[in-house]
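The values are calculated or read from the model by the stated rules, or taken from the named source; none is laboratory data. These numbers were taken from a predicted model, which means no experiment stands behind them. Please note: Cβ atoms are built from the backbone with ideal geometry, for glycine as well, and neighbour counts cover all protein chains shown.
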Amino acid sequence: MNTVKIKQVDAFTTQAFGGNPAGVVTDANNLNDEQKQKIAREMNLSETAFVSQSAVADFKVQFFTPNTEVPLCGHATIATFATLYAEGKLDQSKNVFYQETKAGVLPVEVIKAGNQVTFMMTQAVPQLAEVELTREEIAAGLGLAAEDLIAEKPLKVSTGLWWLVIGVKSLAKLSQAQPDFSAITAMSKKCGFEGFVPFCLETAQPDCSFHSRAFCPMDGINEDPVCGTGNGSATAYIAAHNLLSVDGETAWVGEAGLEVGRPGKVSILVSKQADKVTTVKVGGSAVAVLEGELRF
């Protein structure tokens with residue numbers, strides 16, 4: 001019988017049962033990809049992360065949804081490095097570590113402020129592309145009308161994972177949206193993105209910069225509570241369109257998860273050069289809520 005130690009960790013929150021839960025296995029050296037996929041399906045969380053040895057970085061990290069492996073996951077990265085930190089597996093003489101992912105070798109910074117420890121991940125260089133979908137099709141996928149969307153056209157955006165980013169005019173419309181998940185799945189498959197990330201600049205909490213949701217039914221997740229790569233893609237879109245000003249390395253806060261009862265906040269740093277978004281970092285805290293052993 002094989003056994004593997006696993007934790008469930010809530011990311012982008014300082015309180016249990018908030019933010020976005022991820023499974024974390026910090027010693028996956030003896031697991032093959034088929035076993036990792038089965039474990040992720042058993043955990044039935046939006047992502048489960050598996051840490052193993054790397055020849056090119058401090059750690060190799062793989063991310064599995066219940067259905068498939070994905071190149072990068074923001075909240076599972078935060079959960080993973082919070083767990084490695086708690087288990088004493090991060091060299092205390094360093095504050096920047098590198099993870100080998102299918103989106104590239106990316107840095108994660110450990111930031112200590114008083115009793116609070118946060119983890120900031122640099123995501124892949126932003127890419128923005130147009131899609132062959134009408135505003136009406138996209139709005140209908142969200143259960144909204146075309147006039148509910150902002151003037152700027154929705155775009156396919158990646159900071160490690162492709163999302164369709166859509167600006168919505170009001171918080172009320174975004175929060176009350178009832179998506180058509182079969183339509184979102186069909187559009188995701190047709191155009192090559194994980195799902196929809198609608199956002200608005202109106203927020204529920206005054207200290208936040210924008211509000212977002214993330215719908216990825218193609219991956220077996222109808223709504224991801226607080227999505228790290230989704231927030232990264234929304235950040236790149238907002239900065240590229242100058243919807244919020246960027247001056248040097250600029251700090252924003254993304255809010256999400258309120259609609260599903262798992263509120264969380266994403267710390268964001270965004271930079272531009274020559275009117276092009278060059279760097280997106282997302283981060284936050286995490287709380288371990290469950291630990292145990294899987295036997296198979």
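Below are the figures for this structure:
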quantity: Only one of 185, 203 that is among the β-branched types (Val, Ile, Thr), more than 27 Å from residue 251 (Cβ to Cβ), surrounded by fewer than 23 Cβ atoms within 10 Å (Cβ to Cβ) and in contact (Cβ under 8 Å) with a residue 12 or more places away in the chain; calculated: 185
quantity: Selection from the stretch 271-285 of residues that are under 17 Å from the mean Cα position of the chain (by Cα) and surrounded by fewer than 24 Cβ atoms within 10 Å (Cβ to Cβ); calculated: 279, 281, 285
quantity: Those strands (runs of 3 or more DSSP E) lying entirely in the stretch 209-289 with at least 2 residues assigned by TED's automatic domain parsing to the domain that holds residue 48 and of a type in the set (Phe, Trp, Tyr); calculated: none
quantity: Residue ID - modelled with the lowest pLDDT, chosen from residues in the stretch 1-24 that are not polar (S, T, N, Q) and not in a strand (DSSP E or B); calculated: 1
quantity: Residue within the stretch 88-101 that is within 16 Å of the chain's Cα centre (by Cα) and either assigned by TED's automatic domain parsing to the domain that holds residue 50 or modelled with pLDDT of 95 or more (or both) present; calculated: yes
quantity: Test result for residue 159, among the hydroxyl-bearing types (Ser, Thr, Tyr), in contact (Cβ under 8 Å) with a residue 12 or more places away in the chain and not assigned by TED's automatic domain parsing to the domain that holds residue 227; calculated: no
quantity: Number of positions in the stretch 31-53 that are modelled with pLDDT of 95 or more, polar (S, T, N, Q) and in contact with a Ser or Thr (Cβ under 9 Å, 6 or more places away or on another chain); calculated: 2
quantity: Considering residues of the stretch 233-270 that are more than 18 Å from residue 13 (Cα to Cα) and among the polar types (S, T, N, Q) only, the residue nearest to the chain's Cα centre (by Cα); calculated: 233
quantity: Filtered residues of the stretch 59-73 (kept if crowded, with 22+ Cβ neighbours inside 10 Å and assigned to a loop (DSSP other than H, G, I, E, B)); calculated: 65, 72, 73
quantity: Residue match in the stretch 107-115 (condition: basic (Lys, Arg) and at pLDDT below 95); calculated: yes
quantity: Filter result (farther than 24 Å from residue 130 by Cβ, in contact with a strand residue (DSSP E or B) (Cβ under 8 Å, 6 or more places away or on another chain) and free of Cβ contacts under 8 Å to residues at least 60 places away in the same chain) within the stretch 225-253; calculated: 248, 249, 250, 251, 252, 253
quantity: Which listed residue, of 17, 64, 81, is closer than 28 Å to residue 267 by Cα and touching a helix residue (DSSP H, G or I) at 6+ places or on another chain (Cβ under 8 Å); calculated: 64
quantity: Residue list for the stretch 236-266, filter: hydroxyl-bearing (Ser, Thr, Tyr) and surrounded by 15 or more Cβ atoms within 10 Å (Cβ to Cβ); calculated: 237, 250
